[in-house]
Every structure is written in C-alpha cells, then in structure tokens.
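The values are calculated or read from the model by the stated rules, or taken from the named source; none is laboratory data. Computed from a prediction, not measured in an experiment: that's the story for all the values here. Reconstructed Cβ throughout: ideal geometry from the backbone, glycine too, with neighbour counts over all protein chains shown.
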Ligand code: PMP
C-alpha cells in the first residue's frame, strides 16, 4: 500500500518534493510521537513536521480547541478582522513574552508559513530604517521565497533562480565544530564579533548601512548549531550600539524547543523583531512577527494578504502555548535534550564517525564524518553525507524517522515532539545506535 501511494506521489507531484525522497512513507494515522503507515507499521516521528509538532500529533488539548471552534460556530476565516479567538491567542502570546519585551510589542499576522513572516520582518525593518542591506549568516535558513532564499546560505536552490533580493551580506556563524576562524573556543567567538564590528565600522567595507541583522539562535537547517551565549550577547550589543534592528528567527527554535520558551532567553537578550511560526499554530499553519512598536512605521495596508491568521490555527496555538507553559514543557525539553545528548555522546565513544554532538534542548544534531579523512584547518574531519544518509535509512527501516541536514548534508537531526518521555528518548538512542552499527559495517 505504501508503494502504491508513493508511486502515485512521484508520478503526480513536483520534482521539488524533498522529504518523501528520504522518508518513503504514506501515513495513515498519528498520535503523540508516533505515526502509523498504511501498512500498519509504527514509527517514532523525530522529525515532527520539522519541529512544528511541539505537542506531537493530535494532542487532546489541540483537538479539543479545534472542536470548540466548530461547536461555537466561530468563523473559520475573517481576513484580519478581529475575533474573540484572535484576542485570546494574542493575549496568550504576549503573556509568554519576556517582561522587557511585552509592553512595547506589536504583532503582525502573516501568511501561513515561516517564510511569509520573514518577508514581513524584512519589509518592516526596511520601511522603518529607510535602508536596504541586510546582514545574514552563513548556514542560515529563512525560507524558500525569493526574499528568504536570498537570506539563506544554501547555494544549491539559489543558483538556478536569478534575481533574488540584493544587498544581503553573509557573516560567519559561530559553528564551533567547523570554526570559521580555525581557532576554536571562546577566542573564536571574540574574533567573530570583532570581525563583524570592524565590517560595520569600516567606511570601506562595502556594506551599506544595514536595515537589519537576522539570525537563528540555533541554526536548524544549517545543522542544529547552537550559537554560544556570549556571541549572541555580542550581536545584541553590536546591533543596539549601531541602531541596527535585530531580527531573531525563532520559526524553529521558538515555543519551548530549546529548553527556554524562546531561544533568545538563554542569552538574556531581547530582539527588536521576533519571527514565529511552526509550533505556534499547534500543527496548523500560522506565522507572526512580534516587534518593538518603535519600528511600526508601516502605513495602513503596507503588509496585507488573504490568509493572515487562520482562526483554527490560532485556537490550536492558544492551547499549545498554554499547555507548554502549564506543563513546563520547556524545562522538560531541556532535561530530555540533555539525556538524549548524553546517550549520543556515549555512542560517539564507540563510533568516531560521529564527529560532533550538539544542540540545545530538543534540537540536537549528530554530525557524521569520515574519521579516516584528513582533518581540515579547523581540526574537524571531512563530512560524510552518504554515511549520514545510510544512518537515516537504517533508522527508518527500524521505525525511527529522522532528518538529515546541515551544510554538507551530514548532520543527523533530532527534532522530536517536546512531550517525548524518558523511555522514548532511550529507545530512540538505542535505535540510532543499531542503525549506525549497521551503516558503518
Ligand atoms: N526560518 C527557519 C529558522 C526555519 O527553520 C524555517 C523552516 N524550516 C523557515 C524559516 C521557513 O519556514 P516555512 O518553511 O514555514 O516557510
């Protein structure tokens, strides 16, 4: 049955389809961390909609919230006209913001995807500053539209699409395993911030006054790379001192995933613009930009769109935000993430093919390398993308869905729902160990 549906999909859907190529499954049912395919085989879902399913599949509080919308005859679509459902969502979201941010925050509802909200954030900061260049980071991922592709590091999809948004300047991200400065440790972060500061202050750096700096606190698609806390604090200082709005893209990291409600909270900083999507819609499509009202220089109608703020998604989102706070799922994600990292590090002792285990909370990556390959200047072994794919395949065969990503397609990424239990973490690590054993032999 799987094969028939997959064949139909391959026949009818675009050649651009991506996940189904590596995860050849037709899903019939799903609950919590599990999905069941049409043949009745059950899998752990540690991709979880690329980090979207914070509460896992079909969580009762989400189902109830959706059913309530229907029972109460709430409108399903209102453009951006307000409703009690929207008011509740905004209140719940603003209540979740840090105290320094909430009183000065404004919200813009965007189209259904993370990329839509990034587009809005760029338009917002360009409008407010009257400037046009944007500072982004190597390895960053912000979406698949013309604007967001221009902000993303991955050249693969960019090369064939001419005429992307101009004036994006890429800066080195503190990828400690493959340190861009080849030094490692704190010294490298210091040099990184000095380098960036120098670029901004040098009248001959060639960089026009930036409208914004955009960054991920933990690069997701770039390979689950957490930025060091001090470096994040430096980026905040540098942008603040120069009046450059700081956009933090929490599309993947937001809402508990990294062990804090927002990932920027690890560094005790506050962005000027916060971009949220994925988990905030409780499995349904929703994206927003939350920003310092000083930036609200938009004129009426400056950012419109039909599907801004799906009512069902807002109801599911309110239930999700509320549940995460009530159950302290951020704290749980931190503990489960530590346990999973610890297990992966133990496995690493027997498998030098795992070059690096890293992440924050339940956003963890294991970078797969060739331990016999010549070490680069930064002291790391060469990436081993085909081995990473083989491990992913072996995991899949054993009932574990994982994503592979990163610069070289060599990072096995763990993004389970935040509700994962200790027992399940151990089981996932065990399957991964069996898979790597099979793949390296
Ligand atoms: N920013 C980040 C950090 C992301 O991880 C993603 C999606 N993986 C996006 C933006 C784009 O979101 P979407 O796919 O919903 O457009």
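Residues in region 121-146 that are part of a helix (DSSP H, G or I) and either touching a residue at least 40 places away in the same chain (Cβ under 8 Å) or crowded, with 20+ Cβ neighbours inside 10 Å (or both): 121, 122, 123, 124, 125, 126, 127, 128, 129.
Note on region 396-424: residues that are farther than 26 Å from residue 175 by Cα and buried (at least 20 other Cβ atoms within 10 Å of the Cβ) amount to 3. Residues in region 147-176 that are closer than 18 Å to residue 199 by Cβ, within 12 Å of the ligand (Cβ to nearest atom) and in a loop (DSSP other than H, G, I, E, B): 153 only. Restricting attention to region 309-367, the residues that are outside any helix (DSSP H, G or I) and over 18 Å from the mean Cα position of the chain (by Cα) add up to 10. Restricting attention to region 310-326, does a residue exist that is within 30 Å of residue 178 (Cα to Cα), within 16 Å of the ligand (Cβ to nearest atom), modelled with pLDDT of 95 or more and surrounded by 15 or more Cβ atoms within 10 Å (Cβ to Cβ)? So far as region 310-326 goes, no, none of its residues is within 30 Å of residue 178 (Cα to Cα), within 16 Å of the ligand (Cβ to nearest atom), modelled with pLDDT of 95 or more and surrounded by 15 or more Cβ atoms within 10 Å (Cβ to Cβ). When you check residue 105 against the structure, is it more than 16 Å from the ligand (Cβ to nearest atom), touching a strand residue (DSSP E or B) at 6+ places or on another chain (Cβ under 9 Å) and more than 25 Å from residue 260 (Cβ to Cβ), yes or no? Here the answer is no, as residue 105 does not meet what is asked. Of all the numbered requirements in (1) crowded, with 22+ Cβ neighbours inside 10 Å; (2) within 26 Å of residue 380 (Cβ to Cβ), residue 190 misses one, and that requirement is (1). In a residue-by-residue description of region 292-308, the property of being crowded, with 24+ Cβ neighbours inside 10 Å and within 16 Å of the ligand (Cβ to nearest atom) applies to no position.
Does region 107-120 contain at least one residue that is out of contact with any helix residue (DSSP H, G or I) (no Cβ under 9 Å at 6 or more places or on another chain), assigned by TED's automatic domain parsing to the domain that holds residue 253 and over 24 Å from residue 51 (Cβ atoms)? No, the conditions are met nowhere in region 107-120. State yes or no: is residue 252 touching a helix residue (DSSP H, G or I) at 6+ places or on another chain (Cβ under 6 Å), assigned to a loop (DSSP other than H, G, I, E, B) and within 13 Å of the ligand (Cβ to nearest atom)? Judged against the criteria, residue 252 is a match. If you take the residues in region 78-102 that are in a loop (DSSP other than H, G, I, E, B) and in contact with a helix residue (DSSP H, G or I) (Cβ under 7 Å, 6 or more places away or on another chain), which one is farthest from the ligand (Cβ to nearest atom)? Ranking the candidates gives 83 first. Flag set for residue 42, criterion: surrounded by fewer than 18 Cβ atoms within 10 Å (Cβ to Cβ) and touching a residue at least 60 places away in the same chain (Cβ under 8 Å). Figure legend. Inter-residue proximity from region 275-289: first residues in contact (Cβ under 8 Å) with a residue 24 or more places away in the chain and not assigned by TED's automatic domain parsing to the domain that holds residue 216, second residues within 7 Å of the ligand (Cβ to nearest atom) and assigned to a helix (DSSP H, G or I), beta-carbon distance below 7 Å, spacing 6+ or different chains. No pairs are indicated.
For region 379-405, the set of residues classified as assigned to a loop (DSSP other than H, G, I, E, B), touching a residue at least 60 places away in the same chain (Cβ under 8 Å) and either closer than 13 Å to residue 44 by Cβ or out of contact with any helix residue (DSSP H, G or I) (no Cβ under 8 Å at 6 or more places or on another chain) (or both) consists of 379, 399, 402, listed by residue number. The residues on offer are 100, 28, 92, and the sole one that is modelled with pLDDT of 95 or more, touching a strand residue (DSSP E or B) at 6+ places or on another chain (Cβ under 9 Å) and surrounded by fewer than 19 Cβ atoms within 10 Å (Cβ to Cβ) is 28.
For region 122-144, a residue qualifies if it is within 16 Å of the chain's Cα centre (by Cα) and within 13 Å of the ligand (Cβ to nearest atom), and the qualifying residues are 136, 137, 139, 140, 141, 142, 143, 144.
Note on region 219-234: among residues that are within 16 Å of the ligand (Cβ to nearest atom) and free of Cβ contacts under 8 Å to residues at least 60 places away in the same chain, the one that is farthest from residue 413 (Cα to Cα) is 232.
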